[in-house]
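Notes for the one structure printed next.
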Amino acid sequence: MSQFFQIHPDNPQKRLVQQAVEILNKGGVIVYPTDCAYAIGCHLGDKTAVDRIKKIRKLDDKHNFTLVCRDLSELGVYAKVNNQQYRLLRNSTPGAYTFILRATSEVPRRLLHAKRKTIGLRIPDSNIALAIMEELGEPIMSTSLILPGETEPLTDPYDIREVLQHHVDLVIDGGYCGMEATSVINLVEDIPEIIREGAGDTAQFE
């Protein structure tokens, strides 16, 4: 049976944030709010937790997880970023974007795109997500909470608890945070490529 925390979206309660991080550090799987939809995530280095998420969402080994980061300096630990890419990232983060970038050696190999050695990264505009990562001290490995057979993420934390209470360790109720996935921008080459149009405005990348 999963735990259920109600965390204030503007002023996250430190005690509950600490408890959420304890669950992550013990190999737990959590559902948490971002700036555009609820996500399901786990500790960066925990293969067992990743496998649990794959089972919940029925994902194959080709699915790319996203590293959700606190800020640009943390993102730079896990991705190779040149000056042009940095300017684009600075102008659009935090926000509802996932950026595809070349990964550094800090990223576990099993998380990389097998051939391109790329990784998806994002910096959400969400006080709850940022507070969890600040306490955790590293990114959360995440994917959108879209269940098998569905095309849109679950949006109601009470519905999420009912559906997943025996499959995840924690559901965080952070209120309504939208139901549209991020826009995905490939920044690997010199010219940005819009992979998916979602919640983030893609005009600056066209």
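The values are calculated or read from the model by the stated rules, or taken from the named source; none is laboratory data. Everything numeric here is computed off the predicted structure, so don't read it as measured data. Note that we place each Cβ from the backbone using ideal geometry, even for glycine, and neighbour counts take in every protein chain shown.
Some points to look at:
- Scanning segment 129-147 for residues that are aliphatic (A, V, I, L, M) and touching a Cys at 6+ places or on another chain (Cβ under 6 Å) yields a count of 1.
- Residues in segment 75-96 that are touching a Ser or Thr at 6+ places or on another chain (Cβ under 7 Å) and in contact (Cβ under 8 Å) with a residue 40 or more places away in the chain: Y78, A79, A96.
- Looking only at segment 78-102, residues that are within 12 Å of L121 (Cβ to Cβ) and either over 17 Å from the mean Cα position of the chain (by Cα) or among the aromatic types (F, W, Y) (or both) come to 7 in all.
- Those residues of segment 94-148 which are among the small types (G, A, S), farther than 19 Å from T48 by Cα and outside any helix (DSSP H, G or I), in sequence order: G95, A96, A103, S105, A114, G120, S126, G137
- Identity of the residue in segment 43-85, surrounded by 16 or more Cβ atoms within 10 Å (Cβ to Cβ) and hydroxyl-bearing (S, T, Y), that ends up nearest to A103 (Cα to Cα): Y78
- Residues satisfying the stated conditions in segment 56-74, i.e. in contact (Cβ under 8 Å) with a residue 60 or more places away in the chain and either part of a strand (DSSP E or B) or not β-branched (V, I, T) (or both): R57, K58, L59, H63, F65, T66, L67, V68, C69, R70, E74
- Scanning segment 15-48 for residues that are in a helix (DSSP H, G or I) and either in contact (Cβ under 8 Å) with a residue 60 or more places away in the chain or touching a Phe, Trp or Tyr at 6+ places or on another chain (Cβ under 8 Å) (or both) yields L16, V17, Q18, Q19, A20, V21, I23, L24, N25, K47.
- Flag if E162 is part of a loop (DSSP other than H, G, I, E, B), more than 18 Å from the chain's Cα centre (by Cα) and not small (G, A, S): no
Conditions (1) of a type in the set (S, T, Y); (2) in contact (Cβ under 8 Å) with a residue 40 or more places away in the chain; (3) surrounded by fewer than 19 Cβ atoms within 10 Å (Cβ to Cβ), marked per residue:
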residue	(1), (2), (3)
I100	no, yes, no
T104	yes, no, yes
R116	no, yes, yes
Y158	yes, no, yes
H167	no, yes, yes
A181	no, yes, no
E206	no, no, yes
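- Contact annotation: no residue pair with Cβ atoms under 6 Å, 6 or more positions apart or on different chains, pairs a residue in segment 190-202 that is free of Cβ contacts under 8 Å to residues at least 24 places away in the same chain with a partner that is acidic (D, E).
- Apart from one condition, E152 fits all of (1) more than 24 Å from V77 (Cβ to Cβ); (2) of a type in the set (D, E); (3) outside any loop (DSSP other than H, G, I, E, B); the exception is (3).
- Identity of the residue in segment 149-172, among the β-branched types (V, I, T) and farther than 19 Å from D51 by Cβ, that ends up modelled with the lowest pLDDT: T151
- Residue that is in contact with a helix residue (DSSP H, G or I) (Cβ under 7 Å, 6 or more places away or on another chain) and not hydrophobic (A, V, I, L, M, F, W, C), where the choices are T155, T143, T182, T151: T143
- Per the listing D190, D201, the residue uniquely over 17 Å from the mean Cα position of the chain (by Cα), modelled with pLDDT of 90 or more and either closer than 16 Å to V29 by Cβ or part of a loop (DSSP other than H, G, I, E, B) (or both) is D201.
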